[in-house]
Amino acid sequence: MSILIALDDGHGINTPTKRTPFISSIGRTIKENEFNREVVRRLNNLLKTCGFHTLLVAPEDKDIPLSIRTNRANRAGADAYISIHYNAYDGQFSGDNPSGIELYVYPGHLNKDAGRLAHSIGGYLKQGTKQHYRGVKEADFHVLRETSMIAVLTESGFMDHPKEALLMREPMFQNEVAVEHAKGICDFFNIPFKASSKRPWYVGRRVESIYEGELRFYSQPSWDSQAVAGYVQKGYGFPRIVDRVMVEGHNQYKVENSKGLPFYITASETYVKVT
């Protein structure tokens, strides 16, 4: 039996207010969609490996209206709708800000399939990076109310909690959250979880500049000039790509130099090639 999972990466890359406060240690804010989209990308691959069919209800970079997202899932006859988010309290780092993981289902569905799926996912989320587990709650959110299938919305941390904000940009944390969601979905549908043995095509390969001039690389996931660690000339680059991350709507490769030190460089094919 084929099972279709609709995946929603919650908000567009430029949706107002959906970002951390300014983080001085990295010289910028982190947009919520930087985290959401990476988790959905990884979760999409994991679910396909496990035999699910998937539907990305908001594959575009812009903010797709909620009605379009839910209509796409309803028309496709999805069996479950998973909406990935990162929480916020007051938009500031000052004060005693809350932290932790929480999941939502539509009111009255805690003891129905949606609640059982949420508890299944939550059971894995609380096993990963140590965070306060806030439990499964009810809310009258559009994506929970207007979907004609099981629907769960997850919040994997708080953007205005100093420590959890920085987790948003960590590839290991993004992958961990995706795996935890996948395991919870698999358990609910009684499907064996299979970790993908196929790594992305670019991992482990060399990346070099094709830019006529000096191409920046960075000490951290950032486009800010204060994070520039150096420059590479055309034909030069890094011997090993570790991962690919999204930074303010654009991809960077996380790379290592010959000494194993980590840096970040654009992944745009306009500027670099992978060999």
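Values for this structure:
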| quantity | calculated |
| --- | --- |
| Most fluctuating residue given options GLY123, GLY157, GLY12, as computed from a GNM of the chain linking Cα atoms under 10 Å | GLY123 |
| Relative contact order [Cα under 8 Å, 6+ residues apart], the chain, whole percent | 19 |
| Straight-distance crosslink candidates among aspartates and glutamates, where the alpha carbon sits under 14 Å from LYS62 and sequence neighbours closer than 8 are dropped | ASP8, ASP9, GLU32, GLU34, GLU248 |
| Counted charge near TYR104, where neighbours are those whose Cβ lies closer than 12 Å (Asp, Glu -1; Lys, Arg +1) | -1 |
| Label-point separation in nm, SER24 to PHE93, each point 7 Å along Cα→Cβ | 0.7 |
| Segment 197-225 residues near the modelled HIS250 label - backbone nitrogen below 13 Å, point 7 Å along Cα→Cβ | 215-218, 222-225 |
| DSSP bridge pairs, segment 4-188: antiparallel proportion in percent, nearest 5 | 20 |
| Residue exposure sequence - LEU47, LEU261 - by fewest surrounding Cβ within 10 Å | LEU261, LEU47 |
| Estimated 222 nm signal from helices in the chain, with DSSP H stretches of n ≥ 4 weighted -39500 (n - 2.57), rounded to 500 | -8000 deg cm²/dmol |
| Extension gain from ASP113 to ARG145, taking 0.36 nm per residue of separation minus the Cα-Cα distance | 10.1 nm |
| Backbone N within segment 220-238 under 18 Å of label point (7 Å from SER258 Cα along the Cβ vector) | 230-238 |
| Pairs of lysine residues in segment 139-275 - Cα separation under 27 Å, sequence separation of 8 or more or cross-chain | 14 |
| Chain lengthening between PHE193 and HIS132 when straightened (0.36 nm per residue, less Cα-Cα) | 19.4 nm |
| Nearest 10 degrees, 0 to 90: helix 171-188 Cα axis against the chain principal axis | 30 |
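None of the figures in this text is laboratory data; all of them are computed from the coordinates on show. Keep in mind that what you see is a predicted model, and the values were worked out from it rather than measured. All Cβ positions, even for glycine, are placed from backbone atoms using ideal geometry, and neighbour counts span all protein chains on display.
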